[in-house]
1. ³J(HN,Hα) across the stretch 123-138 via Karplus (A = 6.51, B = -1.76, C = 1.60, θ = phi - 60°), whole Hz, x for Gly/Pro?
2. Report the full-extension gain for the segment D99 to S25: residue separation times 0.36 nm, less the Cα-Cα distance, to one decimal in nm.
3. Compute log10 of I(q)/I(0) for the chain with the Debye formula, placing one identical point scatterer on every Cα and leaving out solvent, at q = 0.08, 0.09, 0.18 Å⁻¹, to two decimals.
4. Expected output is a single nm value to one decimal: the length gained when fully extending between E7 and L87, i.e. 0.36 nm times separation in residues minus the C-alpha distance. What is it?
5. What percentage of all Cα-Cα pairs in the stretch 28-72 are separated by more than 18 Å?
6. Which percent of the Cα-Cα distances in the stretch 1-78 go past 20 Å?
7. Multiply the residue gap between M56 and Q178 by 0.36 nm, knock off their C-alpha separation, and tell me the result in nm, one decimal place.
8. Looking at the stretch 81-189, I'd like the Rg to Rh ratio, where Rg is from alpha-carbon atoms and Rh is Kirkwood's inverse mean 1/r.
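Derivation of every value follows stated rules applied to the coordinates shown; laboratory data play no part. Keep in mind that what you see is a predicted model, and the values were worked out from it rather than measured. Every residue, glycine among them, receives a Cβ derived from its backbone with ideal geometry; neighbour counts consider all protein chains shown.
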Amino acid sequence: MVPTKEENPNGLHQKYVVTKADGSSVDPDAEYFVLRLDYKGGDVSHVRACRAALSMYAKAIQERIPDLANDLKERYDLHHPFIEAWLLMAKRTHQTNCDKGFVAEDGNIDHGTQFMLMVCELCEAFEAFRSSAPDDKLPWREGREVELGDTVIRIMNYATQAKLNVAPAMIEKDEYNQGRPYKHGGKKF
Ligand SMILES: [Mg+2]
């Protein structure tokens, strides 16, 4: 039995009573969890969490109930072009990484090494900025551009291997940042 609000006011408790729109009966043993998906009032960060959960649900049912998955993505803007583009590029760079032997076949990830590789690419970008040199591999490009690109590729490869949802996290963080005050926290930069 799910606790009442009085029994568990800050945790899981019965908040809604679910009925079916077609009037048919609801299985008395069924349990449902309601997500709020609109931004018209309420706690915005909570709505974001609900939408993230819905996004995972749509992904999980994509093969089994594709029409419902696609309707959810369209109605709630879950099919974000940036996320799609990120996943496309991440898949490509991961495949290259695998083809060149840099991904362990047993799926093991050396997390410390992966983070250091990201840091090293940023250092290479700074060195390229210091020397104003063109890139040695792509000489038609500024070195800084290519090394920053390398950094993102390293991040994509790590996110793919570690199954991290970096692209949606970027969108959510930018939305959060948009709501922050001017020079929040009294910081100079
Ligand atoms: Mg590099």
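1. Once θ is set to phi - 60°, the couplings for the stretch 123-138 become 5, 4, 5, 5, 4, 5, 5, 4, 8, 6, 7, x, 5, 6, 8, 10 Hz.
2. The span from D99 to S25 would gain 21.2 nm if fully extended.
3. The calculated log intensity ratios at q = 0.08, 0.09, 0.18 Å⁻¹ are -0.45, -0.56, -1.33.
4. 24.4 nm
5. Considering the stretch 28-72, 41 percent of its Cα-Cα pairs are separated by more than 18 Å.
6. Counting pairs separated by more than 20 Å, the tail of P(r) holds 50 percent.
7. In short, 41.5 nm is gained.
8. 1.04
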